[in-house]
Each structure stands twice: as structure tokens, then as C-alpha cells.
1. Let me confirm something: among ARG35, ARG65, which residue is at pLDDT below 95, part of a loop (DSSP other than H, G, I, E, B), surrounded by fewer than 17 Cβ atoms within 10 Å (Cβ to Cβ) and under 16 Å from the mean Cα position of the chain (by Cα)?
2. So how many residues does region 53-62 have that are of a type in the set (Ser, Thr, Tyr) and surrounded by 15 or more Cβ atoms within 10 Å (Cβ to Cβ)?
3. Tally the residues that are farther than 17 Å from PHE12 by Cβ and in a strand (DSSP E or B), restricting the search to region 38-56.
4. Being of a type outside the set (D, E, K, R), out of contact with any strand residue (DSSP E or B) (no Cβ under 9 Å at 6 or more places or on another chain) and over 30 Å from PRO182 (Cβ atoms) is the filter here; which residues of region 45-81 pass it?
5. Look at HIS180 and say whether it is within 16 Å of TYR206 (Cβ to Cβ) and modelled with pLDDT of 90 or more.
6. If you check PHE50 against the conditions, is it farther than 14 Å from SER117 by Cα and crowded, with 16+ Cβ neighbours inside 10 Å?
7. Any residue at all in region 106-119 that is closer than 30 Å to HIS180 by Cα and either more than 16 Å from the ligand (Cβ to nearest atom) or modelled with pLDDT of 90 or more (or both)?
8. From the list ALA96, ALA34, pick out the single residue that is within 20 Å of ILE118 (Cβ to Cβ), of a type outside the set (D, E, K, R), within 15 Å of the ligand (Cβ to nearest atom) and free of Cβ contacts under 8 Å to residues at least 24 places away in the same chain.
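The values are calculated or read from the model by the stated rules, or taken from the named source; none is laboratory data. If you're wondering where the values come from, they're calculated on a predicted model, not measured in any experiment. Glycine also receives a Cβ, built like all others from the backbone with ideal geometry; neighbour counts cover every protein chain displayed.
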Amino acid sequence: MTMTLALLAEKFNYYNREMFEGRLPVPPLKLSTARSFLGQLRYKKERRLFGRWRYSDFTLVMSTRYDLEESMFDDILIHEMIHYDILYHQQHDTSAHGRLFRSKMQEINRRYGRNLSISHRLTPEERENDREIRTHYVGLIRFTNLDVALIVAAKSRLQFLRKAIPRVPYVDSCHWFISHNPYFNRYPRAQKIKFYPTTEEELSRYSLDFIPLD
Ligand SMILES: [Zn+2]
């Protein structure tokens, strides 16, 4: 599914009419390639008298990073719309996904047969769909017991890691490569030594575009 701002606005208006009685004004909408969230409601929170809060300046952001099923994308949008409904109307919930949020969510699931949840987790297949091309500094570590591991270095820590890893006990060899394979997007950029176990078989699938660094 290719998402555009126009399509997102259309979906927002549709669900607003269907599920929220049209009571939500369209906030600024944004598309993002964030990895860290699927949908996000941004807003300003100001303290008022008597410990009350006032919520304003809403922006609804949807990540297009992963190629999701349309129904899952829409569930995430509706989830964010529930947050918006609560905060726009200055309602106070028991927590971020408190009693009020849950009762609205459960009602929508029941009445419209949706699968909204408190947190949407990506399946490994959806993570595979992260296609952004980035440069990865991949260290391939072989241990004396024949185990294999890899590490994707933060660029600023590459020189440190290149020196430090061979001194770790039981490390037999460490070779560094540059790769642009999106497969490595899933690994955090390591600042410190950390080994991610892998297998020769898995590596043979992902090391095709490896450019040796040494
Ligand atoms: Zn939420």
C-alpha cells in the first residue's frame, strides 16, 4: 500500500464520520519514515490551575516505513484518533492507555469488527519490509568455537570497535564490511561491543553486497 497525505486525509475523514460522529477537526497530518513508531499523536501539554492540563497543537504522524497491510495501517490510525479524541476534548484518562482509552477502543472493535490494540507490534515479515537504503558498517566475528556473530557499528565508534573486538577472549577473527542491504536496518548502531549471534547460512544470504573494509 502506497500512502500519500491525500489518502491519509481521506481515511481520517472517513473514520471520523464512521466512528467519531464527525467531532474531530482534521489536525495537521504528516507522513514519516520513522522506525521507532507506527503512528504518533504529537501535541503541546500545558499546566493549568488545580493540576489540570491543557492539550493543544495536535499533529498526527503516521510512519510509512513498513509495508503494512491496509487494515493494520488503519487500525493504527484509528488508535491515534482515539488519543486525539480524548485529548482534543480535554478529557482526562487514568493513563496514556487508561480506562477511557480502552473503553473507546473496545467499543470500536466490537461495533466495527476492528483489531485495535494498545500496542501494535511488527511481525518479522513486516520488519523485513524496511527498505530504506543506508550505509552499514558490519563486523563479522568468528569465535574459536566456530560460533558466528555480527555487529553493526555506529560510524563514530567504528575505529574503536575495530581495535577492541579482536582483544575479546575467544574471538578468533573480526572482519569489517560495508553493506547497503536493508536487512541490517534492524540492528541497532552499536556504540559498545555487543555480539548478535547469526549463522553462516543466514550470512550467506545477506553478505552478497559486502564490500571489505580492510
Ligand atoms: Zn497509543
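1. Numbers: ARG65 fails: surrounded by fewer than 17 Cβ atoms within 10 Å (Cβ to Cβ).
The match here is ARG35.
2. Looking only at region 53-62, we keep the residues that are of a type in the set (Ser, Thr, Tyr), and these are 55-56, 59.
Now narrow it down to the ones that are surrounded by 15 or more Cβ atoms within 10 Å (Cβ to Cβ): 55.
Qualifying residue count for the region: 1.
3. Of the residues in region 38-56, the ones farther than 17 Å from PHE12 by Cβ are 44-56.
Checking the rest, the ones that are also in a strand (DSSP E or B) come to 44-47, 53-56.
Qualifying residue count, region 38-56: 8.
4. LEU49, PHE50, GLY51
5. Numbers: within 16 Å of TYR206 (Cβ to Cβ): yes; modelled with pLDDT of 90 or more: no.
Against the criterion (within 16 Å of TYR206 (Cβ to Cβ) and modelled with pLDDT of 90 or more), HIS180 does not qualify.
6. Numbers: farther than 14 Å from SER117 by Cα: yes; crowded, with 16+ Cβ neighbours inside 10 Å: no.
So PHE50 does not fit the description; no.
7. No: zero hits.
8. Step by step, each of ALA96, ALA34 is checked, and only ALA96 is within 20 Å of ILE118 (Cβ to Cβ), of a type outside the set (D, E, K, R), within 15 Å of the ligand (Cβ to nearest atom) and free of Cβ contacts under 8 Å to residues at least 24 places away in the same chain.
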